[in-house]
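The next block holds one structure in the form of structure tokens; read it before the comments.
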Amino acid sequence: MENIKSKDWYLTNFKTIEGSINGESKTPFHELRRKAIEKFEEVDFPTAKDEDWKYTSISEILKYKFESAETIKVSKEEINKHLIPGLKVNLVVVINGNFSKELSHIHKQADGVRIDSFKNLRKSDPDLIMEHFGKHAQIDNGFVALNTAFANDGIVISVPDNAAIEDYVHILNLTGNGTSNVLSQPRNLVIIGKNSAVKVIESYHSISDTESLVNVVNEVSLGENSHFGLYKLQKECNRSFHINRTQAHQSKGSEFTHFSITLGGSIVRNDTNIVLDGENCTGNLFGLYLTEGTQHVDNHTLIDHAKPHCRSNEMYKGVLNDKSRGVFNGKVFVREDAQKTNAYQSNKAILLTADCKVDTKPQLEIYADDVKCSHGAAIGQLDEEAVFYLRSRGIGEELARKVLIRAFANDIFETLTSAELHDHLNHLVYDKLK
Amino acid sequence: MLTVKDLFVRVEDKEILNGINLQVNAGEVHAIMGPNGSGKSTLANVIAGKDGYEITSGEVTLDGKDLLDMSPEERAREGVFLAFQYPVEIPGVSNASFLKTALNEIRKHKGLEELDAMHFLKYMKEKMKLIGIDDKLINRPVNQGFSGGEKKRNEIFQLQMLQPKLAVLDETDSGLDIDALKIVSHGVNTFRNKDNAVVVVTHYQRLLNYIVPDFVHVLVNGRIVKSGGKSLALELEDKGYDWVTAAEPAEESV
């Protein structure tokens, strides 16, 4: 019943918005939104009956009536709290899903490079938006449908052939306003030309300690021989809900690295999907989550090896405390064409109490015959022999446990190439372990 | 320095130590010998504070301080060091950063200033030379992928780095070839001085050719059944443990 009420709430909201956009309602862009809301009406929110949502119940999310909110005033100090010390970035601030020009700071870029808001570009370059919007992220569940139907703002990064954005682009997302249950639905596009390179940090933080729902969709297109690194930090308050779909399409010779670290959130669901759609692509997916209380973190990945001679390397790790829960579902799909595929997947978790739980489901579907694929999953406790060993050398119990937890996550950290980002995330992990 | 009085220890329902008495003074080296299952490792672990042992009675003190009342880390900071029989592998933690953390925790406890990276490195280099440990081993995760000999050498390296009052070596000779045995013994012998003490727990007399003890105690069924000077070890080697185990019931009736 709750489910039906929720659905109606968002359908009604859509009608309200549609009634206020006047001329825009005739555009092809809005036509896509309308199709998305129809799709939403058809598929609805996922339930435990959906195989992909078997271990993650969203009923808690559906208890609240979330609605879009305006940008609110945020101080520079608040922004500074979330910056990565010492790291030079193009700062892009997004508040409740809306780009904030005043708080952003974007360096002058090479010709043709664009770091702009989705909203601006819908007006100034609708062709670019229409070429990519909804082309990568299929509407296969209610959340993607909802994001698409309500798509309004977000960030677009577009880099022409043979170019690079030197510094990281840090998309800093702040959510909340202290009064209502904010719904933030950024829609981000990253379009990278041939031989080009971009590094993006997307971080998520709460303005207020209230229930909010962030429902993001990232669509990524990598040109031939391009490089893209996407580093995601989820550090929202423990009352927030976070749903993230990242869909990347890789062309020949490209390399994509996705790094995800989840520290906050009540229910967090990440869907990270890549299609290796040209020869000699590399896809790296690295993830770490630390949970406490009743936090629930679900990482779903799909690596689609569509062409031969590609590599994928996937490693997810979790540290669970109290009564928290983790889910890992990693699907690797090797199509008939994708000979000489080299795919590696590993996922490990440490349970610090008897009350936490992890559901893990590695899935390999292989239709080619000359491939190298391996996967492994391990769930265990902290090694008490190791704890004693450290303590016997004078290291206090609490620190010993922290050192060992941090050591468990070490191979995830080692994939970071920026020392500043590495140190910052390291710091946040130690903080969370307090 | 170390005083063990009437120590009785049980693991689950099994009595392992049945009234140990031991006095180790500064400047002394004591060897605890005994057959397998006699309780040697239990004694070492109880001194270091490992979980899983029930102390039913008795006391263990270090310079008059009650060790049994302290956590393992407090004992270490007070100067107890256990060289493990099976050193633990710790992936993801480099040997160097582990030792820096440990050393500074101990220094903090003693009210000394923590060593910064530069001073620590200088101090570590000296000790590395002494034990013949190279950079590769130092930068690797603690004991990970080390050979048996490298692990034991790493224990003695830690002993040299941390400079405890009391070193308890648990079967440090097991799995060592003669060259490694010499290096490890050299590390222990250079550690020895008039202010510290060493307790060597071993099954074989071989190690005692290199680390010469002042006293030898024979542990059988959780009791010290015989004590003597270094010649006792040779006698044991010659006659085997049956010699003392046979004598044990007679002692029990005394």
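The values are calculated or read from the model by the stated rules, or taken from the named source; none is laboratory data. This structure is a prediction, so every number in the text was calculated from the model and none was measured. Heads up, the Cβs are rebuilt from the backbone with ideal geometry, glycines too, and the neighbour counts pull from every protein chain shown. Ligands, DNA and RNA are excluded from the accessible area calculation, which covers all protein heavy atoms including side chains. Shrake-Rupley method; radii C 1.70, N 1.55, O 1.52, S 1.80 Å.
Output the residues belonging to the range A:147-157 that are closer than 17 Å to A:Thr246 by Cβ and either open to solvent by 10 Å² or more (accessible area, probe 1.4 Å) or assigned to a strand (DSSP E or B) (or both). Walk me through it before giving the result.
Taking the range A:147-157 and keeping what is closer than 17 Å to A:Thr246 by Cβ, we get A:147-148, A:151, A:154-157.
Selection gives A:Ile155, A:Val156, A:Ile157.
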A:Val182 out of contact with any Ser or Thr (no Cβ under 9 Å at 6 or more places or on another chain), under 30 Å from A:Val327 (Cβ atoms) and touching a residue at least 60 places away in the same chain (Cβ under 8 Å): no
Out of the residues in the range A:376-386 that are touching a helix residue (DSSP H, G or I) at 6+ places or on another chain (Cβ under 8 Å) and surrounded by fewer than 20 Cβ atoms within 10 Å (Cβ to Cβ), state the one that is farthest from the other protein chains (Cβ to nearest Cβ). A:Leu382
Determine whether the range A:160-173 contains at least one residue that is within 25 Å of A:Leu87 (Cβ to Cβ), open to solvent by 10 Å² or more (accessible area, probe 1.4 Å) and of a type in the set (D, E, K, R). yes
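Could you look through the range A:204-248, keep only residues that are among the hydroxyl-bearing types (Ser, Thr, Tyr) and in contact with a Phe, Trp or Tyr (Cβ under 9 Å, 6 or more places away or on another chain), and pick out the one that is most open to solvent (accessible area, probe 1.4 Å)? Break it down stepwise before answering.
Let us first name the residues in the range A:204-248 that are among the hydroxyl-bearing types (Ser, Thr, Tyr), namely A:204, A:206, A:208, A:210, A:212, A:221, A:226, A:231, A:240, A:246.
Filter again for in contact with a Phe, Trp or Tyr (Cβ under 9 Å, 6 or more places away or on another chain), leaving A:212, A:226, A:231, A:240.
On the way: A:Ser212: 3, A:Ser226: 0, A:Tyr231: 22, A:Ser240: 0 Å².
Checked the range A:204-248; the qualifying residue most open to solvent (accessible area, probe 1.4 Å) is A:Tyr231.
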Just the residues that are closer than 23 Å to B:Val4 by Cβ, open to solvent by 10 Å² or more (accessible area, probe 1.4 Å) and without any contact (Cβ under 8 Å) to a residue 40 or more places away in the chain, please, taken from the range B:163-186. B:Gln163
Matching residues, the range A:401-425, being away from chain B (no Cβ under 13 Å) and of a type in the set (Asp, Glu): A:Glu420, A:Asp423
Please state which one of B:Asn189, B:Asn154 is under 15 Å from the mean Cα position of the chain (by Cα) and free of Cβ contacts under 8 Å to residues at least 24 places away in the same chain. B:Asn189
Pick from B:Asp173, B:Asp179, B:Asp134: which is of a type outside the set (Gly, Ala, Ser), away from chain A (no Cβ under 14 Å), under 13 Å from the mean Cα position of the chain (by Cα) and closer than 28 Å to B:Leu208 by Cα? B:Asp173
Just give me the residues in the range A:277-300 being under 20 Å from A:Ser260 (Cα atoms), assigned to a loop (DSSP other than H, G, I, E, B) and among the acidic types (Asp, Glu), in sequence order. A:Glu292
Complete set of residues in the range A:174-187 that are open to solvent by less than 10 Å² (accessible area, probe 1.4 Å) and out of contact with any helix residue (DSSP H, G or I) (no Cβ under 7 Å at 6 or more places or on another chain): A:Leu174, A:Thr175, A:Gly176, A:Val182, A:Leu183, A:Ser184, A:Pro186
Taking A:Lys331 and the conditions (1) open to solvent by 50 Å² or more (accessible area, probe 1.4 Å); (2) over 29 Å from A:Tyr168 (Cα atoms); (3) in a loop (DSSP other than H, G, I, E, B), which numbered condition does it fall short on, given that it satisfies the others? (3)
I'm told B:Met118 meets every condition in (1) within 17 Å of the chain's Cα centre (by Cα); (2) more than 8 Å from every other protein chain (Cβ to nearest Cβ) except one. Can you identify the failing condition by its number? (1)
Selection count, the range A:227-260, where residues are more than 24 Å from A:Ala197 (Cβ to Cβ) and part of a strand (DSSP E or B): 4
Considering only residues of the range A:1-46 that are more than 26 Å from the chain's Cα centre (by Cα) and of a type in the set (Gly, Ala, Ser), which is modelled with the lowest pLDDT? A:Gly23
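Results for (1) under 25 Å from A:Tyr168 (Cα atoms); (2) in the same structural domain as A:Lys232 (by TED's automatic domain parsing); (3) in contact with a Leu (Cβ under 9 Å, 6 or more places away or on another chain), shown as yes or no for each residue.
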| position | (1), (2), (3) |
| --- | --- |
| A:Leu390 | no, no, yes |
| A:Glu397 | no, no, yes |
| A:Lys402 | no, no, yes |
| A:Ala407 | no, no, no |
| A:Asn410 | yes, no, no |
| A:Ser418 | yes, no, yes |
| A:Tyr430 | yes, no, no |
| A:Lys434 | no, no, no |
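Out of all the residues in the range A:133-144, is one or more aliphatic (A, V, I, L, M) and either at pLDDT 95 or above or over 29 Å from A:Ser240 (Cα atoms) (or both)? Break it down stepwise before answering.
We begin by selecting, within the range A:133-144, every residue aliphatic (A, V, I, L, M); these are A:137, A:139, A:144.
Still in the running and either at pLDDT 95 or above or over 29 Å from A:Ser240 (Cα atoms) (or both): A:144.
Checked against the condition, which is being aliphatic (A, V, I, L, M) and either at pLDDT 95 or above or over 29 Å from A:Ser240 (Cα atoms) (or both), the range A:133-144 yields at least one hit.
Can A:Ala48 be described as among the small types (Gly, Ala, Ser) and in a loop (DSSP other than H, G, I, E, B)?
Numbers: among the small types (Gly, Ala, Ser): yes; in a loop (DSSP other than H, G, I, E, B): yes.
Here the answer is yes, as A:Ala48 does meet what is asked.
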When the range A:239-278 is checked residue by residue, the ones that are touching a helix residue (DSSP H, G or I) at 6+ places or on another chain (Cβ under 8 Å) and among the aliphatic types (A, V, I, L, M) are A:Ile243, A:Ile261, A:Leu263, A:Ile267
Subset of the range B:137-151 (residues that are open to solvent by 20 Å² or more (accessible area, probe 1.4 Å) and either within 14 Å of another protein chain (Cβ to nearest Cβ) or touching a residue at least 60 places away in the same chain (Cβ under 8 Å) (or both)): B:Asn139, B:Arg140, B:Pro141, B:Gln144, B:Lys151
Could you figure out which of (1) out of contact with any helix residue (DSSP H, G or I) (no Cβ under 6 Å at 6 or more places or on another chain); (2) closer than 22 Å to A:Thr246 by Cα; (3) of a type in the set (A, V, I, L, M, F, W, C) isn't true of A:Ile129? (1)
Which one of these is under 22 Å from B:Leu43 (Cα atoms), open to solvent by 10 Å² or more (accessible area, probe 1.4 Å) and not hydroxyl-bearing (Ser, Thr, Tyr): B:Val225, B:Val200, B:Val216? B:Val225
Where B:Ser97 falls short, out of the listed (1) at the interface with chain A (Cβ under 8 Å from one of its Cβ atoms); (2) at pLDDT below 95: (1)
Residue that is surrounded by the most Cβ atoms within 10 Å (Cβ to Cβ) [pool: residues in the range B:28-83 that are under 14 Å from the mean Cα position of the chain (by Cα) and of a type in the set (Val, Ile, Thr)]: B:Ile32
Of the residues in the range A:301-328, those that are buried (at least 19 other Cβ atoms within 10 Å of the Cβ), of a type in the set (Lys, Arg) and outside any loop (DSSP other than H, G, I, E, B) come to A:Lys317, A:Arg325
Among (1) in contact with a helix residue (DSSP H, G or I) (Cβ under 7 Å, 6 or more places away or on another chain); (2) within 14 Å of chain B (Cβ to nearest Cβ), where does A:Glu398 come up short? (1)
Is it the case that B:Leu68 is more than 14 Å from chain A (Cβ to nearest Cβ) and modelled with pLDDT of 95 or more? yes
